[in-house]
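I'd like to ask some things about the structure below.
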Amino acid sequence: MTDVLSQDTLTLSAKDLKSGLEVKWCAGCGDHAILNCLQNALPKLGHKHEDIVIVSGIGCSSRFPYYMNTYGMHTIHGRASSIASGVKLANSKLHVWQITGDGDALAIGGNHFIHTVRRNIDINVILFNNEIYGLTKGQYSPTTKKGHITKTSPQGTIEIPFNPGELVIGSKGKFFARSVDNNLAITTEILVEAGSFKGTSIVEILQNCVIFNQGTHAMVTDKDVKDDRQVILKQGQPMLFGKNRNKGLVLRGLELEVVTIGENGITEKEILVHDAKMVNPSLHLMLINMKAPDFPVAIGVIRAVDDITYDAELEQQITDVKANSKIKSVDDLFAAGDIWEVK
Amino acid sequence: MNKNTIVKELKKVTIRFTGDSGDGMQLAGMLFSDASALYGNNISTFPDFPSEIRAPQGTVSGVSGFQVHFGHSKIDTPGDHADVLVAMNPAALKISLQWLKKGGTIIVDIDSFTEKDLAKAGYLTNPLEDGSLSDYQIIVAPITSQTHEILKDSGLDNKSIHKTKNMFALGITYYMFDRPIEITEVYFEKKFKEKAGFAAANKKVLRGGYNFAGNVHAIERVIVPPADIEKGFYRTVNGNQATAWGLLAAAEKAQLQLFLGSYPITPASDILQELAKHKALGAHVVQCEDEIAGICTSIGASFVGNLAVTSTSGPGLSLKSEAIGLAVMMELPLVIVNVQRGGPSTGLPTKTEQSDLMQALYGRNGDCPCIVMAGLTSAGCFESAYMAAKLALEHMTPVILLTDGYIANGSQPWKIKKVSELPEIRTKRVAKKTGNHTPFMRAEDSLARNWVIPGQKDMMYRIGGLEKDYVTGAASHDPKNHEKMVKTRDEKVKRVVNSIPDIEVVGEQSGDLLVVGWGSTYGHLLSVVRKMQGEGYNVGLAQFAYINPLPKNTAEVFSRFKKIIVCELNLGQFVNYLRFTLQQFQYLQYNKIQGLPFTQEELKKEFSNILDTI
């Protein structure tokens, strides 16, 4: 947090961030929880209230900006990454959050998504992944599990789904985190980390659509299974999970393996220690790809590698050129080069 | 000056340089134009090249041309037909002869008229020998062999030597028209500052061509004296450069940061490249992953208070349609420059056409009006772009500026403007919250909303593509409110009429025939109308730079003439727009859809036929 805290920001509370507009998501929708998490996370970042801009595309989640008392743009399907990029590049002092879904970000907006990540523009993207099109009432999305029956796949989908984190790694991404909509504490914590990271931060939230895809993440998020099906990654800490925190991850050759401490002579020492700052993405990719029930799903900040951002580099180039150029105004430009006078 | 040569004086001359697309004809043409402009002539240029970067050598599909019209008198077009044709090979001669006046001069590189070259061009017999060119003066020059001879001791490899042969041809034309060769020598010294060998080689070959022409006594020297031009400082600009500079000037005048989000596309890429050079002036230029991201980054930049621009050509405008609708709905200032090319689809990427007018006016979902403007000349693109930015900022709505390949690539002398001389730009920025301010409070006269920019305290608001409440700007599905908002956005664009100049008629102010054009056909229509007026015809010209809305006095001007003919390079898009906008008039139409500008000859024939029946 580099910004100087002003009187205003010190007093910024979650309540100040509520727009007062009636929230119209379905009862039980995971979006409500994510809204609360961001409203709780933003005051912790210490940014000026008036410097926060929230940009969304189209979809259920994209109604988000209307519920936030900040500057906001509810734009067009798939293009929020581009519009958020423009906001940040035109005024790099602003703190930009993009709200998007699996359809908005990965289908119609897939091209903008990968290029934004590749450029490492300092924006924060919250990707609500419910594996379905909700607003259009139940068609399959690019993250829908293969074989899933939806309104447009009555015999089951015949497409291989994207794993958003894999796409981030493939796009040379520097920050990827994953959370679940029913864990407010961790989601809030992750959003604070994403907000303070310089570069494109992608936060995938496994979110439940109560109407069109009820229980799609239940295998991972249900109370009675979550301790065994989620490994919560913390920087510098061993990758332990399970009700009794006696299970862990180890690397055997080129594969991850789940082990139990105390069995076959395994001790905590052998368990992998999480390092989100590793430049080499190989282990991060393995963590991203872990699937239940054989593996726990990785939750937390999986990758957070510091690097120069596009916006900082653009500003640097402009500053350098300005300092070295003889052209200080448009009049200077017009007068430079081959000109002649008619007397 | 060589006493053996005949000297005559002409008011204006047109030269067309033609050769393979790798022969450097664009450079030769550009250098000739610059030398002529610096010498004091008026100029107008027309680069005409294939979309293939290097089509098969020696074939007609690979011929690249550059036409320049220069003169002592006023020059409004690059000339219909050339007085002199430079043909570097048989293919260039074959395809370009149609652009040469009867009796004109042809300069050929005899070294490229071998049997093989003739066959590649599709000649069955050698046109230099079979009598088919008996109507023309032919100057046979051993351009390739002389170039190699001149540079045999230069130490350059054969390929590099070969590349300088365009300078030999250029040297011949410099001699013929007494151009100041020193200007071009200085150009090479600057261009090859680090490679003195190349500079020396090009200069030597240029001199070689010049001296060759002096030694061949058959060449007639022609003097084209400098023109009487308005006093001031000048430079040569093409339309894309003038557009980019107009935007830079508008940003500085409005004290805003300039932002361009764009994607490369012929023939608009030069705007992106030009602005990318001007970081010193704070221009923020982003080359995006596609056309849609180009406009969307600009919409984001507009929301946060930049003068936001996106540049494209026809197919790109199609891709941007949905986002233009968003900017209309959000009521954000945005300039969309569309450098038109031959369509539909990929069409004729390097050729000119005016066929995106309907797309600019109506190519969006919903009732979605934009201000639509057109650039008239290459140099005039400066003012057009400046005004596009001014109108967008003052009326809080997108402006589509239509130029096209012809004026975008063509160049003209431009009288340098000072930023202080340009009209004021009063943005709708609200610096501080006052009273019951809302971001959707509108100016009474223009209906433009306030421009509230992130970073300003206590004025946070949400905006979107959903219909908005008239008062608060919050999303609203109320039926009556929707109708009111659709009408408000429409009325807002209509009221731009109070911010644009009246249409002026050139030539006769009333009478028999009003010629109507829009955009880049200005030069050709103007030349013909002036000529015919001089011949006693009762004819005037109204050339439209503002299309939506039309200038206030349009109907009054139309009512002064017996007949109206609308001329454009498409099937009739402007004439049909006029037919339902101003239904009280009868319109004749003249259309050309060949990827080429009008010729004065064809226009004159058409107008004469109409006038003869009145």
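The values are calculated or read from the model by the stated rules, or taken from the named source; none is laboratory data. Values in this document were obtained by computation on a predicted structure and should not be read as measured data. Quick reminder, even Gly has a Cβ in these numbers, built from the backbone with ideal geometry, and neighbours come from all protein chains shown.
Exactly one of (1) assigned by TED's automatic domain parsing to the domain that holds B:V304; (2) touching a Lys or Arg at 6+ places or on another chain (Cβ under 7 Å) is unmet by B:D512. Its number?
Checking B:D512 against (1) assigned by TED's automatic domain parsing to the domain that holds B:V304; (2) touching a Lys or Arg at 6+ places or on another chain (Cβ under 7 Å), the one that fails is (1).
Still on this structure: Go through segment A:23-46 residue by residue and tally those that are assigned to a loop (DSSP other than H, G, I, E, B) and either crowded, with 19+ Cβ neighbours inside 10 Å or in contact with a helix residue (DSSP H, G or I) (Cβ under 8 Å, 6 or more places away or on another chain) (or both). Even if it seems obvious, please write down each step before you answer.
Within segment A:23-46, the first condition is being assigned to a loop (DSSP other than H, G, I, E, B), and the residues that meet it are A:23-30, A:46.
From what's left, either crowded, with 19+ Cβ neighbours inside 10 Å or in contact with a helix residue (DSSP H, G or I) (Cβ under 8 Å, 6 or more places away or on another chain) (or both): A:23-25, A:29-30, A:46.
Matching residues across segment A:23-46 total 6.
Looking for whichever is of a type outside the set (D, E), buried (at least 24 other Cβ atoms within 10 Å of the Cβ) and within 9 Å of chain B (Cβ to nearest Cβ) here; the options are A:L127, A:L89. Which one fits? Spell out how you get there, then give the answer.
Values: A:L127 fails: within 9 Å of chain B (Cβ to nearest Cβ).
Answer to the selection: A:L89.
Here are A:A336, A:A312, A:A304: which of them is surrounded by 12 or more Cβ atoms within 10 Å (Cβ to Cβ) and either away from every other protein chain (no Cβ under 14 Å) or charged (D, E, K, R) (or both)?
Working: A:A336 fails: either away from every other protein chain (no Cβ under 14 Å) or charged (D, E, K, R) (or both); A:A312 fails: either away from every other protein chain (no Cβ under 14 Å) or charged (D, E, K, R) (or both).
One residue alone meets the criteria, A:A304.
For segment A:245-285, give me each residue that is surrounded by 14 or more Cβ atoms within 10 Å (Cβ to Cβ) and of a type in the set (K, R).
Selection gives A:K247 alone.
Kindly establish whether A:V301 is part of a strand (DSSP E or B) and either small (G, A, S) or under 30 Å from A:K93 (Cβ atoms) (or both).
Numbers: part of a strand (DSSP E or B): yes; either small (G, A, S) or under 30 Å from A:K93 (Cβ atoms) (or both): yes.
Yes: the conditions hold for A:V301.
Yes or no: segment B:550-560 includes at least one residue that is surrounded by fewer than 21 Cβ atoms within 10 Å (Cβ to Cβ), more than 30 Å from A:G59 (Cα to Cα) and acidic (D, E).
Within segment B:550-560, one or more residues are surrounded by fewer than 21 Cβ atoms within 10 Å (Cβ to Cβ), more than 30 Å from A:G59 (Cα to Cα) and acidic (D, E).
Taking A:S329 and the conditions (1) more than 30 Å from A:T200 (Cβ to Cβ); (2) touching a residue at least 60 places away in the same chain (Cβ under 8 Å), which numbered condition does it fall short on, given that it satisfies the others?
Here A:S329 clears every test but (2).
Can you tell me which residues in segment A:136-160 are farther than 30 Å from B:V286 by Cβ and touching a helix residue (DSSP H, G or I) at 6+ places or on another chain (Cβ under 9 Å)? Before you say what the answer is, go through the steps one by one.
Restricting attention to segment A:136-160, the residues satisfying the condition of being farther than 30 Å from B:V286 by Cβ are A:136-140, A:144-160.
Matches in segment A:136-160: A:T136, A:Q139, A:T144.
Go through segment B:481-518 and report how many residues are farther than 30 Å from B:G405 by Cβ and outside any helix (DSSP H, G or I).
As a first pass, look at segment B:481-518 and keep what is farther than 30 Å from B:G405 by Cβ: B:481-492, B:494-495, B:498, B:508-512.
Filter once more, so that each one left must be outside any helix (DSSP H, G or I): B:508-512.
The qualifying residues number 5.
To continue, here is another question. Return yes or no: is B:I371 touching a strand residue (DSSP E or B) at 6+ places or on another chain (Cβ under 8 Å) and farther than 13 Å from B:V337 by Cα? Walk me through it before giving the result.
On the way: touching a strand residue (DSSP E or B) at 6+ places or on another chain (Cβ under 8 Å): yes; farther than 13 Å from B:V337 by Cα: no.
No, not satisfied.
Considering B:V419, B:V430, which residue is modelled with pLDDT under 95, aliphatic (A, V, I, L, M) and over 30 Å from B:L27 (Cα atoms)?
Details: B:V419 fails: modelled with pLDDT under 95.
Testing whether each residue is modelled with pLDDT under 95, aliphatic (A, V, I, L, M) and over 30 Å from B:L27 (Cα atoms) leaves just B:V430.
Among the residues in segment B:332-343, are any assigned to a loop (DSSP other than H, G, I, E, B) and closer than 27 Å to A:L89 by Cβ?
Let us first name the residues in segment B:332-343 that are assigned to a loop (DSSP other than H, G, I, E, B), namely B:332-333, B:341, B:343.
Next cut, closer than 27 Å to A:L89 by Cβ only: B:332-333.
So far as segment B:332-343 goes, yes, one or more of its residues are assigned to a loop (DSSP other than H, G, I, E, B) and closer than 27 Å to A:L89 by Cβ.
I would also like to ask the following. Consider A:V210 carefully, then state whether it is aliphatic (A, V, I, L, M), modelled with pLDDT under 95 and under 26 Å from the mean Cα position of the chain (by Cα). Walk me through how you get there before you give the answer.
Working: aliphatic (A, V, I, L, M): yes; modelled with pLDDT under 95: yes; under 26 Å from the mean Cα position of the chain (by Cα): yes.
So A:V210 fits the description; yes.
Right, another one. Looking at A:I76, A:I52 in this structure, which one is within 11 Å of another protein chain (Cβ to nearest Cβ), under 20 Å from B:A323 (Cα atoms) and at pLDDT 95 or above?
Working: A:I52 fails: under 20 Å from B:A323 (Cα atoms).
Testing whether each residue is within 11 Å of another protein chain (Cβ to nearest Cβ), under 20 Å from B:A323 (Cα atoms) and at pLDDT 95 or above leaves just A:I76.
Right, here's the next one. With respect to the numbered conditions (1) crowded, with 21+ Cβ neighbours inside 10 Å; (2) aliphatic (A, V, I, L, M); (3) within 14 Å of another protein chain (Cβ to nearest Cβ); (4) not in a strand (DSSP E or B), which one is the sole condition not fulfilled by B:V309?
Of (1) crowded, with 21+ Cβ neighbours inside 10 Å; (2) aliphatic (A, V, I, L, M); (3) within 14 Å of another protein chain (Cβ to nearest Cβ); (4) not in a strand (DSSP E or B), only one is false for B:V309: (4).
Of everything in segment A:212-222, what is in contact (Cβ under 8 Å) with a residue 12 or more places away in the chain and surrounded by fewer than 16 Cβ atoms within 10 Å (Cβ to Cβ)? Give them in sequence order. Don't jump to the end; show me each part of the working.
We begin by selecting, within segment A:212-222, every residue in contact (Cβ under 8 Å) with a residue 12 or more places away in the chain; these are A:212-213, A:216-217, A:219-221.
Result: A:M219, single match.
Name the strands (runs of 3 or more DSSP E) wholly within segment B:519-614 that hold at least 3 residues that are aliphatic (A, V, I, L, M) and on the phi < 0 side of the Ramachandran plot? Give the steps one after another, and end with the answer.
Values: elements: B:539-544, B:546-548, B:561-568, B:588-591.
The strands (runs of 3 or more DSSP E) meeting that bar are B:539-544, B:561-568.
Grab the strands (runs of 3 or more DSSP E) fully contained in segment B:201-286, keeping just those with 1 or more residues being under 30 Å from B:N338 (Cβ atoms), over 20 Å from the mean Cα position of the chain (by Cα) and within 10 Å of chain A (Cβ to nearest Cβ). Walk me through how you get there before you give the answer.
On the way: elements: B:221-223, B:232-238, B:258-262.
In segment B:201-286, the matching strands (runs of 3 or more DSSP E) lie at B:258-262.
Okay, next question. Can you name the number of the only condition in (1) more than 14 Å from every other protein chain (Cβ to nearest Cβ); (2) within 25 Å of A:A80 (Cα to Cα); (3) in a strand (DSSP E or B) that B:M373 fails?
Of (1) more than 14 Å from every other protein chain (Cβ to nearest Cβ); (2) within 25 Å of A:A80 (Cα to Cα); (3) in a strand (DSSP E or B), only one is false for B:M373: (2).
Among the numbered criteria (1) part of a loop (DSSP other than H, G, I, E, B); (2) at pLDDT below 95; (3) within 14 Å of chain B (Cβ to nearest Cβ), which single criterion is violated by A:E341?
Status for A:E341: all satisfied but (1).
Quick check on my filter: what residues within segment B:142-174 are outside any helix (DSSP H, G or I) and buried (at least 22 other Cβ atoms within 10 Å of the Cβ)? Can you show your working first?
Going residue by residue through segment B:142-174, those that are outside any helix (DSSP H, G or I) are B:142, B:151-157, B:164.
B:L151, B:T164, listed by residue number.
Also, I was wondering about something else. Mind checking which residues of segment B:77-93 are buried (at least 19 other Cβ atoms within 10 Å of the Cβ) and not in a strand (DSSP E or B)?
Matches in segment B:77-93: B:T77, B:P78, B:G79, B:D80, B:M88, B:N89, B:P90, B:A91, B:A92, B:L93.
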